[in-house]
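Enquirer: Here's a structure for you.
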Amino acid sequence: MDYVSALVPPIVMAAFFIALVVTIVKTQGGANKAKEDAAVDAVIARAEAAQQPRK
């Protein structure tokens, strides 16, 4: 019976990890993709502008 108690935590962790990956894959794209991409582009542009030396 010790082998069952030794295997349960890794199996539970694997199930949660698989569920996390499935959730991430399912939420990629969709209706909000353009809005999310625009938000990321704005943050990157703001960061790049802040790094440029001012004259």
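Enquirer: I'm told residue 7 meets every condition in (1) open to solvent by less than 80 Å² (accessible area, probe 1.4 Å); (2) at pLDDT 85 or above except one. Can you identify the failing condition by its number?
Expert: (1)
Enquirer: Right, something else. Which one of 47, 34 is open to solvent by less than 70 Å² (accessible area, probe 1.4 Å) and in a helix (DSSP H, G or I)?
Expert: Exactly one residue qualifies, and that residue is 47.
Enquirer: Quick one: how many residues across region 10-31 are open to solvent by 100 Å² or more (accessible area, probe 1.4 Å) and either in contact (Cβ under 8 Å) with a residue 60 or more places away in the chain or under 16 Å from the mean Cα position of the chain (by Cα) (or both)?
Expert: Adding up the residues that qualify gives 5.
The values are calculated or read from the model by the stated rules, or taken from the named source; none is laboratory data. Keep in mind it's a predicted model, so treat the numbers as computed, not measured. Cβ sites come from the backbone with ideal geometry, for glycine too, and all protein chains shown count toward neighbours. Each accessible area value is taken on the protein alone, full model and side chains, heavy atoms only, with ligands, DNA and RNA left out. Shrake-Rupley method; radii C 1.70, N 1.55, O 1.52, S 1.80 Å.
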